[in-house]
Amino acid sequence: MKRRIVHIISSLSGGGRERRMSQLVSSMRDSVEYETHVIVFSDKNDYLADYPSELIHVVDKNVGKLQFVKNLRQKLSTIKPDIVHLWSGINTVVLSVLKSKRRQRFRLILGYLADGNPIKSFSNKLMSKIAYHRADAVVSNSRAGLIAKNAPMAKSYVIYNGFDFERLGANPFNENSLRKELGLEDKCVVTMVARFDRAKNWDMFITVAEKFVSVEDVIFLAVGDGPLIEEYKSKATSNVVFAGRRNDVENILKITHVSLLFSNSAVHAEGVSNSIMESMAAGVPVIATRGGGTTEIISDSENGFIVEPNDVVSATRLCRELVDNPAKRNEMGDKAVSEIKSRFLLSKMTADYVALYDKLI
């Protein structure tokens, strides 16, 4: 009889955490040892549309807190899991799962430590302490995340994000058509893929772009959406193109020469960024700000560059160095691909999670 795993996550659309969990679930679909269920709080499904519908359970969170908790615990009772893998750090969810664990005796994995931000409020620190004590394992996609969240190292694990190289060839495209669509012509493209919110330092991106405004063959491409996009459209110089949210990021990276990821260190530290990982997998050298788990994937001056937060001068200099030196871009891009293939494959991520499940059971 197969063991049952239940993944609990708030959404199946949007960010890196949702993609990571969905990749893991899909990779384990044909497992002879585990039957994998997903409990989600929204019926929007961008990542697991082809997954068996009977293994995806929607528990509506908009029915009032008490009813939501009751419905969630009832769903767990019906599935009778051997392992609950919690990806959403919502306090009511954590409490509900902890109470269900006491009755049903499943193994609990806290897997929502996905950034390098410390826990600040007293209530969240208390909740984390309780959850850590009751959990059987704590997982982050970076060592920086475990340290920042003060996780108990004796039962904590780093399992890095995994990249599936088949994604790079999944959607054939015409480069000239894509360039024409985005207004990039035959220029050297410097891209940043990120959400437009305070966690990302789009001011730094815009300022670096300004330094190139007189360089006719270089254009800056901003990929992403979010609440602050209109603000930055109003700030940007003429050499910045806003692409909005895209479903073809892999193809955009194929026409990108330099990738940037600038984080707002005042409010956010990355775990291991999917944007960085995807750029490196595509052979695009990355310039990123120091913080969180970024140094766990980028070896400075080897497979990418790391600059200090808000260091526009260094970022501009390094960007110019890569723009002007195709041989340097290719050398650094090749090393970036090798790094992903050696440490960040989807198959390795899946194997590491399966090994943890086996260990807990």
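All of (1) touching a helix residue (DSSP H, G or I) at 6+ places or on another chain (Cβ under 9 Å); (2) over 24 Å from residue 210 (Cα atoms); (3) among the aromatic types (Phe, Trp, Tyr) hold for residue 305 with one exception: (2).
When you scan the range 42-49, do you find a residue that is crowded, with 18+ Cβ neighbours inside 10 Å and under 22 Å from residue 224 (Cβ atoms), even just one? Among the residues of the range 42-49, at least one is crowded, with 18+ Cβ neighbours inside 10 Å and under 22 Å from residue 224 (Cβ atoms), which makes the answer yes. Among the residues of the range 81-93, is there at least one that is in the same structural domain as residue 355 (by TED's automatic domain parsing), part of a helix (DSSP H, G or I), of a type in the set (Ser, Thr, Tyr) and within 25 Å of the chain's Cα centre (by Cα)? The answer is yes, given that some residue of the range 81-93 is in the same structural domain as residue 355 (by TED's automatic domain parsing), part of a helix (DSSP H, G or I), of a type in the set (Ser, Thr, Tyr) and within 25 Å of the chain's Cα centre (by Cα). Of the residues 70, 65, 61, the single one that is farther than 28 Å from residue 348 by Cα, touching a residue at least 40 places away in the same chain (Cβ under 8 Å) and either surrounded by 16 or more Cβ atoms within 10 Å (Cβ to Cβ) or not small (Gly, Ala, Ser) (or both) is 61. Just a yes or no: is a residue in the range 11-30 over 23 Å from residue 347 (Cα atoms) and among the aliphatic types (A, V, I, L, M)? Within the range 11-30 (the criterion being over 23 Å from residue 347 (Cα atoms) and among the aliphatic types (A, V, I, L, M)), the answer is no, since none of the residues qualifies. Of all residue pairs spaced 6 or more apart or on separate chains, those with beta-carbon atoms under 9 Å, a first member in the range 241-253 that is assigned by TED's automatic domain parsing to the domain that holds residue 229 and a second member that is among the basic types (Lys, Arg) and not in a loop (DSSP other than H, G, I, E, B) are 242/233; 250/167. Looking across the range 324-361, the residues that are of a type in the set (A, V, I, L, M), over 30 Å from residue 34 (Cβ atoms) and buried (at least 20 other Cβ atoms within 10 Å of the Cβ) come down to 332, 336.
Can we say residue 38 is assigned by TED's automatic domain parsing to the domain that holds residue 351, in a strand (DSSP E or B) and either hydrophobic (A, V, I, L, M, F, W, C) or in contact (Cβ under 8 Å) with a residue 12 or more places away in the chain (or both)?
Numbers: assigned by TED's automatic domain parsing to the domain that holds residue 351: yes; in a strand (DSSP E or B): yes; either hydrophobic (A, V, I, L, M, F, W, C) or in contact (Cβ under 8 Å) with a residue 12 or more places away in the chain (or both): yes.
Taking the combined requirement at face value, the residue satisfies it.
Every test in (1) out of contact with any Leu (no Cβ under 6 Å at 6 or more places or on another chain); (2) under 28 Å from residue 196 (Cα atoms) is passed by residue 40 save one, and that test is (1).
Based on this model, can you work out whether residue 80 counts as in contact (Cβ under 8 Å) with a residue 40 or more places away in the chain, of a type outside the set (Gly, Ala, Ser), farther than 28 Å from residue 194 by Cβ and surrounded by fewer than 13 Cβ atoms within 10 Å (Cβ to Cβ)?
Working: in contact (Cβ under 8 Å) with a residue 40 or more places away in the chain: yes; of a type outside the set (Gly, Ala, Ser): yes; farther than 28 Å from residue 194 by Cβ: yes; surrounded by fewer than 13 Cβ atoms within 10 Å (Cβ to Cβ): yes.
Yes: the conditions hold for residue 80.
State the number of residues belonging to the range 222-248 that are more than 15 Å from residue 262 (Cβ to Cβ), not small (Gly, Ala, Ser) and not in a loop (DSSP other than H, G, I, E, B).
Of the range 222-248, the ones more than 15 Å from residue 262 (Cβ to Cβ) are 225, 227, 229-231, 233-234, 237-239, 241-248.
Now drop any that are not not small (Gly, Ala, Ser), which leaves 225, 227, 229-231, 233, 237, 239, 241-242, 245-248.
Going one step further and asking which of them are not in a loop (DSSP other than H, G, I, E, B), we end up with 229-231, 233, 241-242.
Looking only at that region, the number is 6.
Consider residue 29 carefully, then state whether it is more than 20 Å from residue 357 (Cβ to Cβ) and either surrounded by 18 or more Cβ atoms within 10 Å (Cβ to Cβ) or not hydrophobic (A, V, I, L, M, F, W, C) (or both).
Details: more than 20 Å from residue 357 (Cβ to Cβ): no; either surrounded by 18 or more Cβ atoms within 10 Å (Cβ to Cβ) or not hydrophobic (A, V, I, L, M, F, W, C) (or both): yes.
When the stated conditions are applied, residue 29 does not pass them.
The criterion of at least 2 residues that are of a type in the set (A, V, I, L, M, F, W, C) and touching a residue at least 12 places away in the same chain (Cβ under 8 Å) is met, among strands (runs of 3 or more DSSP E) falling completely within the range 123-218, by 137-140, 188-193. Residue 97 passes every criterion in (1) of a type in the set (Val, Ile, Thr); (2) free of Cβ contacts under 8 Å to residues at least 12 places away in the same chain; (3) in contact with a strand residue (DSSP E or B) (Cβ under 7 Å, 6 or more places away or on another chain) apart from (2).
The values are calculated or read from the model by the stated rules, or taken from the named source; none is laboratory data. Quick caveat: nothing in here was measured; it's all calculated off a predicted structure. Counting neighbours? That spans all protein chains shown, and the Cβs are built from the backbone with ideal geometry, glycine included.
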